[in-house]
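Contents: one structure, followed by commentary.
The values are calculated or read from the model by the stated rules, or taken from the named source; none is laboratory data. On a predicted model such as this, the values are computed, not experimentally measured, just so you know. Here Cβ is always computed from backbone atoms with ideal geometry, including for glycine, and neighbour counts include all displayed protein chains.
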Amino acid sequence: MGEGPSLLLIHGTGAATHSWRELLPLLAQHFSVVAPDLPGHGFTQSPPSHRLSLPGMAADIGALLRKLEVRPDTVVGHSAGAAISAGMCLAGFMAPRLLIALNGAFMPFGGIANQLFSPLANLLVMNPLVPRVFAWQASHAGTVERLIANTGSAIDQEGIALYRKLVRNPEHVAAALRMMANWKLEPLLHDLPRLTTALILVVATNDRSISPEVARQVREILPNAVIERLPGLGHLAHEERPQLIAQLILKYAHANAAGKAAQEM
């Protein structure tokens with residue numbers, strides 16, 4: 001959608017392009033925006049389970065960009081989408097000037113959660129009934145509302161209805177579970193110091209899914225990263241305040257472009 005410099009949007013685990021429904025038209029006034037569903041998410045065809053990993057999805061989205069002949073100047077990744085975006089830059093699948101992470105999921109679970117999460121996700125993935133049970137459960141009144149509330153965000157009824165439609169799809173649920181089962185961030189963290197793309201870490205202070213502390217840890221690895229805090233918003237900040245997020249993206253995209261122009265003079 002739109003015309004101008006190329007901008008890529010990558011959503012997070014369990015979401016789809018519907019999560020950009022209000023932000024994308026705002027960005028399209030200034031950019032040519034590409035917003036794919038992650039493999040297996042939404043109503044896309046699911047790849048083999050081993051492709052639902054950070055390297056696998058990074059490679060597949062990179063292949064999509066080549067097919068579309070798109071070379072994004074700016075990339076915006078939400079949650080796991082931010083980690084995938086960084087992985088794509090490090091692997092050479094794209095070379096944007098600017099990467100904006102919205103509540104980026106850059107750190108693995110700590111302590112006992114790290115020991116339990118992957119085995120549990122793998123166990124769920126091995127049981128083909130689990131996605132169907134989850135999808136059935138999502139049809140019950142209040143289930144999706146509770147899931148959204150647990151992120152620390154409050155979104156409108158249209159957004160809730162779209163998430164309800166999404167999680168009623170067993171194939172989507174299965175892909176999200178397989179993605180979680182294959183989610184290994186240690187290789188990315190090992191390579192992250194090599195990231196040369198300008199990085200903006202947008203942090204919502206009421207995020208109950210990704211601790212705001214993650215941004216500080218990333219900046220210890222990349223001291224030039226900039227942290228932008230959003231008081232009172234949750235994990236789905238871009239759905240709560242799309243106008244605010246659009247303004248932030250424009251602010252940093254314009255500043256980055258001006259900096260590049262000054263270097264070339």
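Annotations for the structure displayed:
- Set Pro193, Pro212, Pro170, Pro242: member being modelled with pLDDT of 95 or more and farther than 19 Å from Trp20 by Cβ: Pro193
- If you go through the range 24-53 and pick out every residue that is closer than 21 Å to Met179 by Cα, surrounded by fewer than 21 Cβ atoms within 10 Å (Cβ to Cβ) and not small (Gly, Ala, Ser), you end up with 9.
- Restricting the search to helices (runs of 4 or more DSSP H) fully inside the range 167-265 and requiring at least 3 residues that are under 28 Å from Thr44 (Cβ atoms) and in contact (Cβ under 8 Å) with a residue 24 or more places away in the chain gives 170-181, 186-191, 237-240, 242-264.
Listed here are the residues, each with its yes/no results for (1) among the acidic types (Asp, Glu); (2) within 20 Å of Arg194 (Cβ to Cβ); (3) free of Cβ contacts under 8 Å to residues at least 40 places away in the same chain.
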residue	(1), (2), (3)
Gly12	no, no, no
Pro48	no, no, yes
Ala59	no, yes, yes
Ser85	no, yes, no
Phe93	no, yes, yes
Asn103	no, no, no
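- The set of residues in the range 140-155 being in a loop (DSSP other than H, G, I, E, B) and touching a helix residue (DSSP H, G or I) at 6+ places or on another chain (Cβ under 8 Å) consists of Ser153, Ala154, Ile155.
- Among residues of the range 4-23, those that are in contact with a Pro (Cβ under 9 Å, 6 or more places away or on another chain), surrounded by fewer than 21 Cβ atoms within 10 Å (Cβ to Cβ) and under 23 Å from Ile148 (Cβ atoms), counted: 3
- Subset of the range 90-112 that is of a type outside the set (Gly, Ala, Ser) and closer than 15 Å to Met180 by Cα - its residue that is modelled with the lowest pLDDT: Phe109
- Scoring Gly87 on the criteria (1) surrounded by fewer than 20 Cβ atoms within 10 Å (Cβ to Cβ); (2) touching a Pro at 6+ places or on another chain (Cβ under 7 Å); (3) at pLDDT 95 or above leaves a single failure, condition (1).
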